Amino acid sequence: MSQRILVIGAGFAGMWSALAAARLLDEAARTDVEIVLVAPEPALHVRPRLYEQHPLKMKAPLLEIFAATGVRFVQGIVEQIDVAARQVTVKCAGADTSHQTLGYDRLVLAAGSRLFRPAIDGLDAHAFNVDQVADASRLEAHLHGLASRPDSKARNTVVIAGAGFTGIETAAEMPARLREVLGADAAVRVIMVERNNEIGPDLGQGPRPVITQALTELGVTWKLGSGVASVDAQGVTLQSGERIQAQTVIWTAGARASALTDQIPAQRDNFGRLYVDRNLQVEGVDHVYATGDVARAATDDDGNVTMMSCQHAMNLGRSAGHNVAADLLGQPPIPYSQPKYVTCLDLGPWGAVYTEGWDRQVKLSGAEAKALKTRINTEWIYPPSANRAEALASADPRRIVVA
């Protein structure tokens with residue numbers, strides 16, 4: 001009787017988990033283990049690029065890769081995980097609203113994360129975001145529609161709520177995108193709002209002078225030390241009481257792990273991520289592994305832990321897939337380790353800034369860093385080819401990718 005590895009999610013971590021498991025099974029010449037991946041769509045959404053234009057193009061098809069590597073794809077949404085029974089309940093996609101139950105011998109939870117939406121008055125009704133392809137597409141349609149509205153200060157203003165990684169990249173793109181829609185001479189305003197007292201509070205001091213220089217030269221301004229209190233169709237009111245008139249408000253403040261982590265009886269951190277051991281097995285739960293944005297994993301022996309980013313998700317996926325298959329086959333695992341940490345922050349037409357280390361020492365900036373960012377965004381983070389040998393080789397967990 002065959003056994004089954006079940007992977008939930010087709011993002012960076014889920015895709016690489018399935019391929020890495022397939023690689024080890026192929027290496028061991030085992031044909032009695034089935035790999036099943038469940039996701040709403042057989043495509044990798046290239047989420048790190050959704051601050052850019054044309055978000056509907058930010059998808060990479062996966063069916064050919066899965067077919068070439070022996071991964072069975074099930075289209076649907078996992079609604080329930082029963083750890084005791086080792087099974088999940090899947091709601092079928094599209095017009096078919098029926099449910100099916102899938103059992104597993106080993107489970108890899110790679111369900112990703114979603115934008116955190118606090119209970120702020122008017123946020124859901126009036127704010128845009130770039131969290132998912134559909135969200136970014138809705139924002140793009142709204143921006144193009146601004147040209148048909150009467151000229152006003154509010155029409156020409158974009159407020160970015162949150163001055164973290166996504167907020168900065170989105171803000172840096174906005175002046176040029178607005179002028180493309182409203183005209184080269186339009187008096188546009190792009191204002192970042194951040195409740196902390198620094199731009200990029202999680203990015204540290206290292207790259208901040210480059211970031212502030214770039215944003216200033218692009219015409220982006222910011223208001224620090226006060227978060228958003230409410231949002232409406234004509235702007236935002238800050239917690240300080242200040243009012244900003246704007247017909248475009250983009251929320252970028254933070255992410256939380258998939259709510260499916262609530263169904264795993266284990267410890268979670270403040271982001272909802274499951275604590276995992278060095279092999280990425282959920283602590284205290286047999287046969288369940290977590291990876292990508294749903295996993296809180298140590299990257300090294302110095303106390304650093306993974307970030308919710310594709311840089312970590314890609315390697316977490318390779319490690320989880322290998323180790324879940326090794327567990328099933330009785331082979332030794334390869335502990336996850338990713339001691340090298342880098343960031344490459346897009347700064348729109350100005351360029352980019354590239355840093356290395358957890359203290360984020362600037363190594364490249366401007367056009368040189370932009371060229372690197374372009375390679376990351378258009379080449380390195382995309383899936384491998386559908387050539388079986390190449391796809392499996394690229395899933396080796398010892399092949400650490402820094403992007």
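The values are calculated or read from the model by the stated rules, or taken from the named source; none is laboratory data. Predicted model, so just to flag it, every value in this text is computed and none were measured. Cβ placement follows ideal geometry from the backbone for every residue including glycine, while neighbour counts extend to all protein chains displayed. The protein model used for the area step is the full one, side chains on, heavy atoms only, and it has no ligands, DNA or RNA in it. Shrake-Rupley method; radii C 1.70, N 1.55, O 1.52, S 1.80 Å.
Let's see how each residue does on (1) under 24 Å from L62 (Cα atoms); (2) exposed (fewer than 13 other Cβ atoms within 10 Å of the Cβ):
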position: S337; (1), (2): no, no
position: D346; (1), (2): no, no
position: W350; (1), (2): no, no
position: V353; (1), (2): no, no
position: W358; (1), (2): no, no
position: V362; (1), (2): no, no
position: W380; (1), (2): yes, no
position: S394; (1), (2): yes, no
position: R398; (1), (2): yes, yes
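So which of D105, D124, D131 ends up being in contact with a Lys or Arg (Cβ under 8 Å, 6 or more places away or on another chain) and open to solvent by less than 30 Å² (accessible area, probe 1.4 Å)?
When all the criteria are applied, what remains is D131.
Could you please let me know if V190 is surrounded by 19 or more Cβ atoms within 10 Å (Cβ to Cβ), assigned to a strand (DSSP E or B) and on the phi < 0 side of the Ramachandran plot?
Answer is yes for this residue.
Pick from segment 248-270 the residues that are part of a strand (DSSP E or B) and either among the hydroxyl-bearing types (S, T, Y) or within 24 Å of G167 (Cβ to Cβ) (or both): which of them is most open to solvent (accessible area, probe 1.4 Å)?
R256
Within the group S319, S337, S365, which residue is farther than 24 Å from H45 by Cβ, outside any strand (DSSP E or B) and among the hydroxyl-bearing types (S, T, Y)?
Matching residue, one of S319, S337, S365: S337.
Residue by residue through segment 142-160, note down the ones that are open to solvent by less than 70 Å² (accessible area, probe 1.4 Å), part of a helix (DSSP H, G or I) and free of Cβ contacts under 8 Å to residues at least 40 places away in the same chain.
Keep residues of segment 142-160 that are open to solvent by less than 70 Å² (accessible area, probe 1.4 Å), which gives 142-143, 145-147, 152, 154-160.
Next, only the ones that are part of a helix (DSSP H, G or I) stay: 142-143, 145-147.
Of everything in segment 142-160, those that are open to solvent by less than 70 Å² (accessible area, probe 1.4 Å), part of a helix (DSSP H, G or I) and free of Cβ contacts under 8 Å to residues at least 40 places away in the same chain turn out to be G145, A147.
Determine which single condition R23 fails, assuming it passes every other condition in (1) basic (K, R); (2) under 21 Å from V288 (Cα atoms); (3) open to solvent by 40 Å² or more (accessible area, probe 1.4 Å).
With respect to (1) basic (K, R); (2) under 21 Å from V288 (Cα atoms); (3) open to solvent by 40 Å² or more (accessible area, probe 1.4 Å), R23 is out only on (3).
Report every pair of residues separated by at least 6 positions or lying on different chains whose Cβ atoms are under 7 Å apart, first residue within segment 111-132 and free of Cβ contacts under 8 Å to residues at least 60 places away in the same chain, second assigned to a loop (DSSP other than H, G, I, E, B).
D124/R117
Out of all the residues in segment 26-67, which are surrounded by fewer than 19 Cβ atoms within 10 Å (Cβ to Cβ) and among the small types (G, A, S)?
Correct list: A28, A29, A43, A60, A67.
What is the residue count in segment 165-187 for residues that are in contact with a Ser or Thr (Cβ under 9 Å, 6 or more places away or on another chain) and open to solvent by 30 Å² or more (accessible area, probe 1.4 Å)?
2
Which one is most open to solvent (accessible area, probe 1.4 Å), of the residues in segment 220-235 that are under 19 Å from F128 (Cβ atoms) and in contact with a Ser or Thr (Cβ under 7 Å, 6 or more places away or on another chain)?
Result: A229.
Condition first: under 19 Å from P397 (Cα atoms), free of Cβ contacts under 8 Å to residues at least 60 places away in the same chain and among the polar types (S, T, N, Q). Can you find one or more residues in segment 273-289 that meet it?
Within segment 273-289, one or more residues are under 19 Å from P397 (Cα atoms), free of Cβ contacts under 8 Å to residues at least 60 places away in the same chain and among the polar types (S, T, N, Q).
Which one of these does A134 not meet: (1) within 29 Å of G204 (Cα to Cα); (2) modelled with pLDDT of 95 or more; (3) under 25 Å from the mean Cα position of the chain (by Cα)?
Tallying (1) within 29 Å of G204 (Cα to Cα); (2) modelled with pLDDT of 95 or more; (3) under 25 Å from the mean Cα position of the chain (by Cα), A134 fails exactly one: (1).
Which of the following residues is outside any helix (DSSP H, G or I) and among the charged types (D, E, K, R): D302, D327?
None of the others qualify; the one that does is D302.
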